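Scroll down for the structure; my scribbles are underneath it.
Derivation of every value follows stated rules applied to the coordinates shown; laboratory data play no part. What you see is a predicted model, and the numbers here were worked out from it, not measured in a lab. Glycine gets a Cβ as well: all are built from the backbone with ideal geometry, and neighbour counts include every protein chain shown.
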Amino acid sequence: MIITVHRYDDRGRYIDSIELDILDGYPMEYWQMPKNTTQEWLPEYEKGKEIPVFDGKKWNIELIPQDDAEPPIDIDALAKAVRALVDKVEHEIPLPDDVKGMVKKK
């Protein structure tokens, strides 16, 4: 029997859903579910603006705080940065100043 299990972090915020293959014939109490998981019904939510949060009994939908929201991706700037990085690695061309601010050093 395949069951769907929803994973969440230590604050109860939804991470993802996984499917587990459970052998038939054993009661559900026999199986130990992974930590921070539930089989409770996961309601629909607007990705990028809302996040499900598990309170130990049910899922609640919360708005994602603006500081946690992912900023929109500027495709043109990303393409420019990738081209500049390839040029730096392959041809040893220095990074332009406007690209340096986009690149973090390790």
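If you put +1 on each Lys and Arg Cβ and -1 on each Asp and Glu Cβ, how big is the dipole of the range 2-63 around its Cα centre, in Debye rounded to 20?
220 debye
Indicate, rounded to the nearest 5 percent, the antiparallel portion of the DSSP beta bridges found entirely in the chain.
Approximately 95 percent, going by the DSSP bridge assignments.
Could you list, in their original order, any pairs among 47/80; 35/57; 80/100 whose Cα atoms are separated by more than 19 Å?
The answer is 47/80.
Residues with amide H under 5 Å of residue 62's amide H, sequence separation 5 or more or different chain, H placed in the peptide plane at 1.01 Å from N; which?
For residue 62, the qualifying residues are 51, 53.
Taking the 0 to 90 degree range and rounding to the nearest ten, how far is the long axis of helix 75-91 tilted relative to the main principal axis of the chain, both from C-alpha atoms?
60 degrees
Within the chain, what is the longest stretch that has no GluC sites (Glu not before Pro) placed in a DSSP loop and near at most 10 other beta-carbon atoms within 10 Å?
47-91
Report the trypsin sites (Lys or Arg not before Pro) located in the range 1-46 that are in a DSSP loop and have at most 11 other Cβ atoms inside 10 Å of their Cβ, or state none.
11, 35
Taking the Cα centre as origin and putting +1 on Lys and Arg beta-carbons and -1 on Asp and Glu beta-carbons, what dipole magnitude results for the chain, to the nearest 20 debye?
About 380 debye.
How large is log10 I(q)/I(0) at q = 0.14, 0.15, 0.19, 0.25 Å⁻¹ when the Debye formula is applied to the Cα atoms of the range 2-63, each weighted equally and without solvent?
Reported log10 I(q)/I(0), two decimals: -0.42, -0.48, -0.71, -1.07.
So what is the relative contact order of the range 2-63, in percent, for Cα pairs below 8 Å that sit 6 or more residues apart?
Across the range 2-63, relative contact order equals 33 percent.
Which log10 I(q)/I(0) values, to two decimals, does the chain give at q = 0.18, 0.19 Å⁻¹ under the Debye formula with one point per Cα?
Computed log10 I(q)/I(0) values: -0.89, -0.94.
Using a Förster distance of 30 Å, how high is the FRET efficiency between residue 80 and residue 47, based on the Cβ-Cβ distance and rounded to 0.05?
0.65
Return the single residue from 18, 64, 93 with maximal mean-square fluctuation; model: Gaussian network over the chain, springs between Cα atoms under 10 Å.
Of 18, 64, 93, the Gaussian network model singles out 93 as fluctuating most.
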